[in-house]
Amino acid sequence: MLIIIHLLLMFAASLCLLAGVGLARFGRKRKFWLRGHKNLNSAGGILLTAGGVMAFVNIILTGSDHLAELHHRIGFIALMLTFLTVFLGFYSLKASNKSVFRAVHRWSGRLSPIAILAALTLGLSMIGIF
């Protein structure tokens with residue numbers, strides 16, 4: 001059952017994060033874009049964390065090895081990239097050298113959805129959907 005919750009949380013997180021990235025990419029001319037971008041990506045990060053916890057607990061309960069599959073490793077990388085991106089996004093608003101932190105935030109924000117989609121694809125192939 002935990003793995004189904006993991007799947008649902010990760011899918012919801014992917015939708016939030018991709019919507020947040022899309023808003024940053026295509027909605028910059030609107031007044032609310034930054035607030036919406038922050039809210040969507042924060043919600044996506046929380047959902048991603050909850051999904052990661054569900055997977056971690058499931059692995060403990062089933063006695064499997066941590067990070068044994070490629071899906072696990074890429075999922076962990078996606079989680080860390082998302083944390084980095086969210087941290088850099090909030091930090092860049094207050095940093096003295098904003099341009100450097102914004103550039104790194106943008107690049108990690110480009111890599112994070114790629115890792116998330118790769119982990120999602122591998123996860124779906126593990127259960128026979130792809």
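Might you check whether a residue that is assigned to a helix (DSSP H, G or I) and in contact with a Lys or Arg (Cβ under 9 Å, 6 or more places away or on another chain) occurs anywhere in the stretch 3-11? No, the stretch 3-11 contains no residue that is assigned to a helix (DSSP H, G or I) and in contact with a Lys or Arg (Cβ under 9 Å, 6 or more places away or on another chain).
Quick one: would you say Ile114 is closer than 22 Å to Met1 by Cβ and surrounded by fewer than 16 Cβ atoms within 10 Å (Cβ to Cβ)? No: the conditions fail for Ile114. From the residues in the stretch 13-42 that are under 10 Å from the mean Cα position of the chain (by Cα) and aliphatic (A, V, I, L, M), which one is nearest to Gly89 (Cα to Cα)? Filtering the stretch 13-42 for residues that are under 10 Å from the mean Cα position of the chain (by Cα) and aliphatic (A, V, I, L, M), the one nearest to Gly89 (Cα to Cα) comes out as Leu17. Checking the stated criteria, Ile60 turns out to be assigned to a helix (DSSP H, G or I), among the β-branched types (Val, Ile, Thr) and either in contact with a Gly (Cβ under 6 Å, 6 or more places away or on another chain) or without any contact (Cβ under 8 Å) to a residue 24 or more places away in the chain (or both). Within the stretch 98-124, being touching a residue at least 12 places away in the same chain (Cβ under 8 Å) and among the polar types (S, T, N, Q) holds for Ser108, Ser112.
Of all residue pairs spaced 6 or more apart or on separate chains, those with beta-carbon atoms under 9 Å, a first member in the stretch 3-31 that is surrounded by fewer than 20 Cβ atoms within 10 Å (Cβ to Cβ) and a second member that is outside any helix (DSSP H, G or I) are Ile3/Ile127; Leu7/Ile127.
What's the number of the only condition in (1) assigned to a helix (DSSP H, G or I); (2) over 13 Å from the mean Cα position of the chain (by Cα) that Leu47 fails to meet? Failing condition for Leu47: (2). Would you say Ala55 is surrounded by 20 or more Cβ atoms within 10 Å (Cβ to Cβ), modelled with pLDDT under 95 and either within 15 Å of the chain's Cα centre (by Cα) or not in a helix (DSSP H, G or I) (or both)? Criteria met by Ala55. Phe130 fulfils the conditions (1) free of Cβ contacts under 8 Å to residues at least 40 places away in the same chain; (2) closer than 16 Å to Leu7 by Cα; (3) in a helix (DSSP H, G or I) except for a single criterion, (3).
Of Gly22, Gly36, Gly45, all but one fail to be among the small types (Gly, Ala, Ser), under 15 Å from Leu81 (Cα atoms) and out of contact with any Pro (no Cβ under 7 Å at 6 or more places or on another chain); the exception is Gly45.
The values are calculated or read from the model by the stated rules, or taken from the named source; none is laboratory data. Predicted model, so just to flag it, every value in this text is computed and none were measured. Cβ coordinates were reconstructed from backbone atoms using ideal geometry, including for glycine residues, and neighbour counts include every protein chain displayed.
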